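What follows is one structure encoded as structure tokens, with my remarks underneath.
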Amino acid sequence: MLNYKQLHHFWNVARAGGIVRASERSGLAPQTLSGQVAALEGALGVTLFRRQGRGLALTETGQMVLGYAEEIFRIGSELEEALANRSTGRITPFRVGIADVVPKAISWLLLAPAMQLDEPLRIACREDKLERLLGELAIHKLDVVLADSPMPSNMDVRGYSHKLAESGVSLFAAPTLAERLAGDFPACLNRMPMLLPGSDAALRRPLLRWFEAQRLAPRIVGEFDDSALMKSFGEAGVGIFPAPTLIADQVCRQYGVRSIGEASGVTESFYAISVERRLTHPATLAIGRAAQGESEIKDDAG
């Protein structure tokens with residue numbers, strides 16, 4: 001088993017740039033630090049430092065080990081801070097990764113319960129591709145990731161998916177484009193310009209299958225990884241676009257568009273992905289508890 005005391009001494013020596021400087025900073029004898037580093041090298045079966053002039057330089061393996069050590073002790077500091085915050089009533093950090101395909105309004109809807117906690121909370125949101133966010137989740141840089149699909153089975157990352165919400169999918173168009181639609185929905189979509197989510201979005205394939213089942217052949221004029229950018233193009237009248245029915249009223253108000261119909265049978269789900277089988281962070285617990293009232297939310301959105 002890794003000796004974290006030895007790892008901490010190695011970390012201090014690496015950051016100080018040598019045994020002597022680390023000794024001066026820590027107050028420990030150089031022989032003690034040298035012995036601890038040597039013991040770590042022996043336990044791991046690797047060489048962490050090499051001689052460079054009068055000092056020491058990290059080997060390639062040493063640089064890799066330092067990277068892990070930095071992360072380990074950063075997380076340790078965050079743990080101490082989180083415990084101190086709970087005992088003193090100070091602000092609790094909540095670091096959220098949001099997959100770029102998740103609509104901003106849905107993100108807010110899912111995160112809102114966390115912002116209503118009695119204890120002070122500081123939320124930090126990071127938007128990126130799901131794969132990169134899951135990598136940061138794995139090394140505890142994030143507390144939770146919001147996504148439109150469960151944890152991918154092909155990723156070498158341990159995580160658990162917690163379903164938060166499910167919504168039907170509606171199609172929207174700017175008023176000038178909506179007035180050009182002829183006939184009933186969904187037949188009116190045939191050969192009309194269409195904006196679609198990018199290939200990473202879970203909604204894309206079900207929506208394409210729905211077009212095929214309805215014998216529709218819309219003209220795909222744009223594909224977007226960022227759902228907000230897709231809506232902005234839709235606002236300008238470039239094409240018809242999909243969005244969760246759950247936020248239909250907000251989409252219409254914010255982008256000045258009209259809801260022209262719902263894609264029957266097509267649904268979109270949203271998940272919280274964590275490294276915990278059971279949620280423990282107070283903010284993720286609040287989100288999970290609110291998700292149990294999902295059916296009421298859907299009824300209210302009617």
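The values are calculated or read from the model by the stated rules, or taken from the named source; none is laboratory data. Just so it is clear, the model here is predicted, and its values are computed rather than measured. Glycine gets a Cβ as well: all are built from the backbone with ideal geometry, and neighbour counts include every protein chain shown.
Assorted remarks:
- Those helices (runs of 4 or more DSSP H) of the range 1-80 in which 1 or more residues are among the charged types (D, E, K, R) and loosely packed, with under 13 Cβ neighbours inside 10 Å occupy 4-16, 19-26.
- Hits in the range 88-102 - residues which are under 28 Å from the mean Cα position of the chain (by Cα) and either modelled with pLDDT under 80 or exposed (fewer than 13 other Cβ atoms within 10 Å of the Cβ) (or both): Gly89, Arg90, Ile91, Thr92
- Unique match (being at pLDDT 95 or above and either touching a strand residue (DSSP E or B) at 6+ places or on another chain (Cβ under 8 Å) or under 30 Å from Asp118 (Cβ atoms) (or both)) among Ile240, Ile247: Ile240
- Residue match in the range 230-246 (condition: without any contact (Cβ under 8 Å) to a residue 12 or more places away in the chain and closer than 27 Å to Lys163 by Cα): no
- Beta carbons closer than 6 Å, at least 6 apart along the sequence or on distinct chains, never pair a first residue in the range 55-71 that is farther than 23 Å from Pro30 by Cβ and at pLDDT 90 or above with a second that is among the hydroxyl-bearing types (Ser, Thr, Tyr) and surrounded by 14 or more Cβ atoms within 10 Å (Cβ to Cβ).
Per-residue answers, yes or no, for (1) in the same structural domain as Leu189 (by TED's automatic domain parsing); (2) within 18 Å of the chain's Cα centre (by Cα); (3) loosely packed, with under 15 Cβ neighbours inside 10 Å; (4) assigned to a helix (DSSP H, G or I):
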position: Asp118; (1), (2), (3), (4): no, no, yes, no
position: Arg126; (1), (2), (3), (4): no, yes, yes, no
position: Glu136; (1), (2), (3), (4): no, yes, no, yes
position: Val145; (1), (2), (3), (4): no, yes, no, no
position: Leu177; (1), (2), (3), (4): yes, no, no, yes
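- Residues satisfying the stated conditions in the range 1-55, i.e. over 15 Å from Ala69 (Cα atoms) and of a type in the set (Ser, Thr, Tyr): Ser23, Ser26, Thr32, Ser34, Thr47
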